[in-house]
Amino acid sequence: MYDYFAIDAIEAPHGRAPAVATGIKRVHPKKIVFTYQGDGDLASIGTAETIHTANRGENITIIFINNTVYGMTGGQMAPTTLLGQQTTTTPYGRNFRNDGYPIRMAEMLATLEGVAYSTRVSMHNAKEVLKAKKAVRRAFQMQIEGMGLTFVELLSACHTNWRVKPLEGQKRVEEELIPYFPLGVFKERKGKDFL
């Protein structure tokens with residue numbers, strides 16, 4: 001990654017990125033610190049780290065990629081897998097009686113006092129990509145201002161594990177993901193009303 005971006009990077013154990021980011025931010029409080037996590041990582045094995053980091057209001061940014069599957073390990077059901085969605089571990093579709101319901105992370109984190117900004121955007125077309133860029137920029141600006149944890153959820157296709165062509169994947173994001181995971185800002189702290 002360092003060949004392409006002018007940033008320092010560190011890898012964290014699966015699900016533990018918020019804990020590692022907390023340590024880095026506390027040692028280097030003036031640096032912009034962010035995590036980049038998928039739904040299997042953040043909303044499954046990393047749920048506790050995510051929630052407690054948010055609740056403490058750690059001044060970091062979490063960028064969360066929600067493609068409704070474990071995208072890097074074979075397409076298994078994730079905590080965000082939609083009801084009825086087929087994955088390698090739910091070949092007949094996710095069933096709420098056995099598997100529970102998909103977790104809406106942006107809404108859940110918005111209820112915590114330590115969270116300054118919680119938003120969900122999409123990557124399914126150019127217009128939405130521009131909105132996503134503004135959301136990430138806003139999250140970083142709020143971090144620079146020391147306002148607390150900022151959280152940006154990006155809805156994204158996983159063409160390989162969904163076994164669809166790119167245009168079908170983008171359409172699926174729009175027609176299936178967005179109705180369950182609505183786009184928008186769920187919390188945005190104004191000024192320094194948290195001090």
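For the stretch 153-166, backbone phi angles converted through the Karplus equation (6.51, -1.76, 1.60; θ = phi - 60°) give residue-by-residue couplings of 9, 10, 7, 9, 7, 10, 4, 5, 7, 7, 6, 10, 6, x Hz, Gly and Pro being listed as x. Sparse packing (at most 15 other Cβ atoms within 10 Å of the Cβ) combined with a DSSP loop state is found for the following chymotrypsin sites (Phe, Trp or Tyr not before Pro) in the stretch 89-195: 92, 194. Using R0 = 41 Å, the C-beta based FRET efficiency linking residue 95 and residue 10 works out to 0.60. Backbone amide hydrogens, once placed in the peptide plane, bring residue 186 within less than 5 Å of 118, 119, 120, excluding anything fewer than 5 places away on its chain. Rounded, prolate or oblate: pick one for the stretch 1-84, where a ≥ b ≥ c are the square roots of the eigenvalues of its C-alpha gyration tensor, a/c under 1.5 means rounded, and failing that, prolate if a/b is larger than b/c, else oblate. Judged from the Cα gyration tensor, the stretch 1-84 comes out oblate (a/c at least 1.5, b/c at or above a/b). Of all beta bridges that DSSP places with both ends in the chain, some 25 percent have antiparallel geometry.
The local environment of residue 86, defined by Cβ-Cβ distances under 14 Å, has a net charge of +1 under the rule Lys, Arg +1 and Asp, Glu -1. Excluding residue 154 itself, calculate the net charge of residues whose Cβ lies under 12 Å from the Cβ of residue 154, where each Lys or Arg counts +1 and each Asp or Glu counts -1. So the environment of residue 154 carries a net charge of 0.
Residue by residue, the stretch 40-54 carries 3J(HN,Hα) couplings of x, 6, 6, 9, 10, 5, x, 4, 4, 4, 5, 5, 6, 5, 5 Hz when phi is fed to the Karplus relation 6.51 cos²θ - 1.76 cosθ + 1.60 (θ = phi - 60°); x denotes Gly or Pro. Compute the longest continuous run of the chain that contains no exposed trypsin sites (Lys or Arg not before Pro); treat a site as exposed when its DSSP state is not H, G, I, E or B and it has at most 14 other Cβ atoms within 10 Å. So the longest stretch without any such site is 32-162. Taking the Cα centre of the chain as reference, the dipole from Cβ charges on Lys and Arg (+1) and Asp and Glu (-1) amounts to some 420 debye. Between the amide H of residue 38 and those of 65, distances stay under 5 Å, these residues lying 5 or more places away or on another chain, with hydrogens modeled in the peptide plane. Other residues whose C-beta falls under 13 angstrom from the C-beta of residue 61 contribute a net charge of +1, scoring Lys and Arg +1 and Asp and Glu -1.
The loop-placed GluC sites (Glu not before Pro) in the stretch 65-170, going by DSSP, that have at most 14 neighbouring Cβ atoms within 10 Å of their Cβ come out as 113, 145. Reported to the nearest whole Å, the Cα centre-to-centre distance from the stretch 130-158 to the stretch 70-109 is 24.
Calculated from the structure at hand, Rg/Rh (Cα atoms, Kirkwood Rh) is found among (1) 0.97; (2) 0.94; (3) 1.02 as (1). When Rg and the Kirkwood Rh are both derived from Cα coordinates, the Rg/Rh ratio for the stretch 57-119 amounts to 1.07.
Since every read-out is calculated from the coordinates, none of them should be taken as a lab result. Computed from a prediction, not measured in an experiment: that's the story for all the values here. No Cβ is skipped: glycine too gets one built from the backbone with ideal geometry, and neighbour counts run over all protein chains shown.
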